[in-house]
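Engineer: Sending over a structure as structure tokens; questions will come in a sec.
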Amino acid sequence: MAKLCIKDYVSIGMVRPPTAVSWQVSLDKDFKDIIDESIKDNVNITSWTTPLKKIGSNNEYYKNLDNLYSRISLWYDDLDTPWYIVDKANQNMQELIFVKDNEIVKTVSPEDSINYN
């Protein structure tokens, strides 16, 4: 299982929260092997959790992936942003934080997740 979170929109120049978010997780940086996705999701705006079902399997799940890639696109009504990509990380916890120049920085490690709300 992996949980992705968006902490801040303002620092990428947006003055209001998005109306929807597209989420994707993949085994590769080019997103050819997408494990799971939620496209234009208007329910999971600030965070999204995926069980990481194995590609081609009905009841097996990835565990302890160290090379999980994730990306998001923010929707403002019918307009969406380019994909914001996080480099490979451990599946146990990723938190996405927008900073200047459209860079996303991971700030919470699995060891820190006890302090995460």
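The values are calculated or read from the model by the stated rules, or taken from the named source; none is laboratory data. Since the structure is predicted, the reported quantities are computational estimates derived from the model, not experimental observations. In this analysis, Cβ positions are derived from the backbone assuming ideal geometry, glycine residues included, and neighbour counts consider all displayed protein chains.
Engineer: Just to check your reading of the model, which residue among THR19, THR46 is closer than 22 Å to ASP87 by Cα and among the hydroxyl-bearing types (Ser, Thr, Tyr)?
Structural biologist: Result of the check over THR19, THR46: THR46.
Engineer: Looking at (1) surrounded by 14 or more Cβ atoms within 10 Å (Cβ to Cβ); (2) on the phi < 0 side of the Ramachandran plot, which one does ASN58 not meet, given that it meets all the others?
Structural biologist: With respect to (1) surrounded by 14 or more Cβ atoms within 10 Å (Cβ to Cβ); (2) on the phi < 0 side of the Ramachandran plot, ASN58 is out only on (1).
Engineer: Restricting the range 40-55 to residues that are more than 18 Å from LYS7 (Cβ to Cβ) and of a type outside the set (Val, Ile, Thr), which is surrounded by the most Cβ atoms within 10 Å (Cβ to Cβ)?
Structural biologist: If we take residues in the range 40-55 being more than 18 Å from LYS7 (Cβ to Cβ) and of a type outside the set (Val, Ile, Thr), then LEU52 is surrounded by the most Cβ atoms within 10 Å (Cβ to Cβ).
Engineer: For the range 59-93, give me the residue count where each residue is modelled with pLDDT of 85 or more and either of a type in the set (Val, Ile, Thr) or outside any strand (DSSP E or B) (or both).
Structural biologist: Here the count works out to 9.
Engineer: List the residue pairs whose Cβ atoms are under 7 Å apart, where the first residue sits in the range 62-85 and is under 13 Å from ILE34 (Cβ atoms) and free of Cβ contacts under 8 Å to residues at least 40 places away in the same chain, the second is assigned to a loop (DSSP other than H, G, I, E, B) and among the polar types (S, T, N, Q), and the two are 6 or more positions apart or on different chains.
Structural biologist: TYR62/GLN91
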